[in-house]
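Accompanying notes for the structure given below.
Derivation of every value follows stated rules applied to the coordinates shown; laboratory data play no part. Predicted model, so just to flag it, every value in this text is computed and none were measured. Every residue, glycine as well, gets a Cβ built from its backbone with ideal geometry; the counts of neighbours run over all protein chains shown.
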Amino acid sequence: MLSPIHAQFQQYLDHKEGDLIELYKSLRSFLLDLHPESNELLYHTHALTSVYTLSEKLGDAFCMIPIYTKHLNLGFNKGALLKDPTQLLQGTGKLIRHIPISTEKDFKNAKVKKLVLESIAFAKSDMDKPSNSHGKIISKIKG
């Protein structure tokens, strides 16, 4: 069963366009269906962002969803290190890559599912030590 969106995060989310909110909820569900025991770290900096991690540490994250004014991305924290034969990932940063998300078709497909599962496997192998923290929602939003 999908956990509800944190109330503090929801307050900021409510200021977004209705279609963008529904797209975010669908993408969030997609990620949590693939890894239900993920911890969800919530931030509000340059973008309202939910981060999906294997522990309570940002460094153990495998994906994130930054929500901007008119669009959102499916971000991969160590995307530059993932195999991406179909060249879905965009970006030029040292590690982070993303897939622009405009519709459900942009992520509800076998190529993206495979990439997310690879990102989860990579995050597991890259962790310093296993975590006993599972399924938590942790707000890092100030105020």
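Couple of notes before you dig in:
- Restricting the GluC sites (Glu not before Pro) of region 1-102 to loop positions (DSSP other than H, G, I, E, B) with no more than 15 neighbouring Cβ atoms within 10 Å leaves E17, E37, E56.
- Partners for K16 among aspartates and glutamates (Cα-Cα distance below 18 Å; same-chain residues under 8 apart left out): E104
- The chain: relative contact order as a whole-number percent, Cα under 8 Å and 6+ apart: 28
- Sequence-distant lysines (8 or more away, or on other chains) whose Cα lies within less than 25 Å of K113: K25, K57, K70, K78, K83, K94, K105, K124, K136
- Rounded to the nearest 20 debye, the dipole size of the chain about its Cα centre is 280 debye, using +1 on the Cβ of Lys and Arg and -1 on the Cβ of Asp and Glu.
- Spin-label proximity, D126 to region 43-57 - amide N less than 17 Å from point 7 Å beyond Cα toward beta carbon: 51-57
- GNM top mover of A61, A110, A80 - the chain, alpha-carbon springs below 10 Å: A110
- For K108, the aspartates and glutamates whose Cα comes closer than 19 Å to its Cα, not counting residues fewer than 8 places off in the same chain, are D19, E22, D33, D84, E118.
- Restriction of the trypsin sites (Lys or Arg not before Pro) in region 1-69 to DSSP coil positions whose beta-carbon has at most 16 other beta-carbons within 10 angstrom yields K57.
- Among the listed values [x] 102; [y] 140; [z] 112, the one computed from these coordinates for volume of the Cα convex hull per residue in Å³ is [z].
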